[in-house]
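Since the structure comes first, as structure tokens, the remarks are kept for the end.
Rule-based calculations on the coordinates, nothing more; no lab input. The structure displayed is predicted, hence computed values, not measured ones. For neighbour counting, all protein chains shown are included, and Cβ atoms are generated from backbone atoms with ideal geometry for every residue, glycine included.
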Amino acid sequence: MFITLQLDMPPSINNYYGTKKGGFAKFIKDDGIAFRWHVLSIKNKLNISSPLDKNNTKLKLTIEFIFNNNRVNDIDNRVKPLFDALQSAGILDNDCNIFSFSVTKKIDKSLPASITILSVEEFIN
């Protein structure tokens with residue numbers, strides 16, 4: 001296994017991307033920018049110097065979204081913002097190198113905040 005990261009919960013896609021008036025130009029909202037900075041700070045703390053998919057290494061990601069509440073939380077709305085932030089921070093060179101990923105949703109009301117556990121390893125056919 002390459003690495004396991006504990007991250008904040010990514011914002012949902014609805015709170016990550018916005019559309020300018022007229023609907024043609026997309027931008028990243030404040031929640032998305034804050035999450036990108038969070039992922040970059042984790043990368044820097046762990047001293048990850050080059051993308052995990054350097055030289056086009058195929059990757060397998062295992063994602064656990066652990067919510068601290070019973071609210072309706074669609075996990076599919078969290079995946080793309082997570083991938084985007086990993087790429088923006090330089091942890092991934094290009095999310096097209098993700099060849100497999102699995103997502104699990106858990107609830108743990110004892111947590112002070114919802115978290116994401118991300119494991120990255122090389123994908124072997």
For Ser114, residues with placed amide H under 5 Å, excluding near neighbours = Asn68
In the chain, what % of DSSP beta bridges are antiparallel (nearest 5)?
-> 65 percent
Here the gain from full extension of Ile13 to Asn56, 0.36 nm per residue of separation minus their alpha-carbon distance, amounts to 12.8 nm
Estimated dipole of the chain in Debye, rounded to 20 [Cβ of Lys and Arg +1, of Asp and Glu -1, Cα centre] | 320 debye
Any lysines with Cα under 19 Å of the Lys20 Cα? List them, leaving off those in the same chain fewer than 8 positions away.
-> Lys29
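Give me the extension gain from Phe123 to Gln6: residue separation times 0.36 nm, minus the current Cα-Cα distance, reported in nm with one decimal.
Answer, rounded to one decimal: 40.1 nm.
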Return a whole-number percent for the relative contact order of the chain, with Cα pairs under 8 Å and 6 or more residues apart as the contact set.
-> 41 percent
If you find the alpha carbon centre of the stretch 31-58 and of the stretch 1-24, how far apart are they in angstrom?
-> 14 Å
Could you name the aspartates and glutamates whose alpha carbon sits less than 16 Å from that of Lys109, not counting residues in the same chain fewer than 8 places away?
-> Asp8, Glu64
Non-local residues with an amide H under 5 Å from the amide H of Phe101, with H modelled 1.01 Å from N and Pro and chain starts lacking one, are Leu61
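Per the Kirkwood definition applied to all pairs of different Cα atoms, how many angstroms is the hydrodynamic radius of the chain?
15.2 Å
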The ³J(HN,Hα) series, computed from each phi in the stretch 34-49 with the Karplus coefficients 6.51, -1.76 and 1.60 at θ = phi - 60°, rounded to the nearest Hz and given as x for glycine or proline, is 5, 5, 4, 5, 4, 5, 4, 5, 5, 4, 5, 4, 8, 6, 7, 8
Under 5 Å from the placed amide H of Lys58, counting only residues 5+ away or on other chains, we find Phe123
Hits among aspartates and glutamates - C-alpha to C-alpha of Lys58 under 18 Å, sequence gap 8 or more where chains match | Asp84, Asp93, Asp95, Glu121, Glu122
Most positive-pole-ward Cα, Pro81, Ile28, Asn125, against dipole of the chain from beta carbon charges = Ile28
